[in-house]
Amino acid sequence: MDEPLNLVLFSGTDDKLQAAAVLTAGAAALGRPVHVFLQYWALDAFRADRIGRDHGLAPEAGPEGRKAVDDLRAAGQASWAETMRTAKELGDVDIEACSLSMDLLHLEPSDLDPLVDGVEGVTAFFLNAEKGQVVFI
Amino acid sequence: MTTALIAQKLDARGLNCPMPIVKTAIAIKSLTAGDLLEVLATDPGAVKDFAAWSKSTGNEVVEQSADQGVYRFVIRRK
């Protein structure tokens, strides 16, 4: 099972980033390469000075969803950033910032958390994606 | 029971998906081919996840049991 999993992360809320981290770690455990492409608000969440912050939840979560997420966290669930870090230790996980989003947010590579491996454009992302699925979150 | 032959034990009880599998994949790397790893997990997806992981990676689940919500797997490193 060597086809890469290619994740395009757009949303910057903790629930969607958690879902993405779970997919990343699961694929890494199976030995699949994972390419993560960070755009817009997902890229903002990977800023070194903001990665540990509360990034909120998708609007559909509501107060009940907020409580459910908080309860799981209190029970010891790893944060999405920790899960991503574990996935990188385990397998072949490459996390790239979208160059357009870097311009949009006025970011330099040094502004990003060390989880991010580099900056690339969409063409490089698709070239590396090969025949693997592309998932947009 | 193969308890005497187990090279390493991993307690993944209380961990949510996908951490039991992720920790198993990390632990198995430190073993040599043929070594047995025992894993305890409470994640309800564990049975199907360990089956899928085993099929995909070739590390064989040689024993599997469940007792009061705790799943026990013994895995042989490929």
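Every condition in (1) away from chain B (no Cβ under 12 Å); (2) assigned to a helix (DSSP H, G or I); (3) within 30 Å of A:Glu130 (Cα to Cα) holds for A:His35 except the one numbered (2). Considered as a group, the residues in region B:13-23 that are hydrophobic (A, V, I, L, M, F, W, C) and open to solvent by 30 Å² or more (accessible area, probe 1.4 Å) include one that is modelled with the lowest pLDDT, and that residue is B:Cys17. The residues of region A:82-97 that are open to solvent by less than 10 Å² (accessible area, probe 1.4 Å) and either away from every other protein chain (no Cβ under 14 Å) or over 14 Å from the mean Cα position of the chain (by Cα) (or both), listed by number, are A:Ile95, A:Ala97. The single condition among (1) touching a residue at least 60 places away in the same chain (Cβ under 8 Å); (2) not in a strand (DSSP E or B) that B:Lys48 does not meet is (1).
Yes/no per residue for (1) open to solvent by 30 Å² or more (accessible area, probe 1.4 Å); (2) over 27 Å from A:Asp2 (Cβ atoms); (3) at pLDDT 95 or above:
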{"position": "B:Thr2", "(1), (2), (3)": "yes, yes, no"}
{"position": "B:Asp11", "(1), (2), (3)": "yes, yes, yes"}
{"position": "B:Ala25", "(1), (2), (3)": "no, no, yes"}
{"position": "B:Ile28", "(1), (2), (3)": "no, no, yes"}
{"position": "B:Asp35", "(1), (2), (3)": "yes, no, yes"}
{"position": "B:Pro44", "(1), (2), (3)": "yes, yes, no"}
{"position": "B:Ala66", "(1), (2), (3)": "yes, yes, yes"}
{"position": "B:Tyr71", "(1), (2), (3)": "yes, yes, yes"}
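Condition check for B:Lys78 on (1) touching a residue at least 40 places away in the same chain (Cβ under 8 Å); (2) touching a Leu at 6+ places or on another chain (Cβ under 8 Å); (3) within 14 Å of another protein chain (Cβ to nearest Cβ): one failure, at (2). The number of residues in region A:98-137 that are crowded, with 16+ Cβ neighbours inside 10 Å, touching a residue at least 60 places away in the same chain (Cβ under 8 Å) and either among the hydroxyl-bearing types (Ser, Thr, Tyr) or not in a loop (DSSP other than H, G, I, E, B) (or both) comes to 8.
Applying the set (1) buried (at least 16 other Cβ atoms within 10 Å of the Cβ); (2) free of Cβ contacts under 8 Å to residues at least 24 places away in the same chain to A:Ala75 leaves exactly one unmet item: (1). In this structure, A:Ala58 qualifies as exposed (fewer than 14 other Cβ atoms within 10 Å of the Cβ) and either among the aromatic types (Phe, Trp, Tyr) or in contact with a Lys or Arg (Cβ under 9 Å, 6 or more places away or on another chain) (or both). Screening A:Thr24 with (1) modelled with pLDDT of 95 or more; (2) in contact with a Lys or Arg (Cβ under 9 Å, 6 or more places away or on another chain); (3) within 28 Å of B:Ala27 (Cα to Cα); (4) open to solvent by 40 Å² or more (accessible area, probe 1.4 Å) gives one miss only, at (4). In region B:54-68, the residues that are part of a strand (DSSP E or B) form Cβ pairs under 9 Å with partners that are among the polar types (S, T, N, Q), at six or more places apart or across chains, as follows: B:Glu60/B:Ser54; B:Val61/B:Ser54; B:Val62/B:Thr2; B:Glu63/B:Thr2.
Which residues, counting only those in region A:38-49, are surrounded by fewer than 21 Cβ atoms within 10 Å (Cβ to Cβ) and either assigned to a loop (DSSP other than H, G, I, E, B) or within 14 Å of another protein chain (Cβ to nearest Cβ) (or both)? The answer is A:Ala48, A:Asp49.
The values are calculated or read from the model by the stated rules, or taken from the named source; none is laboratory data. Just so it is clear, the structure is predicted and the values come from calculations on it, not from any experiment. In this analysis, Cβ positions are derived from the backbone assuming ideal geometry, glycine residues included, and neighbour counts consider all displayed protein chains. These area figures cover heavy atoms from the full protein model, side chains too; ligands, DNA and RNA do not enter into them. Shrake-Rupley method; radii C 1.70, N 1.55, O 1.52, S 1.80 Å.
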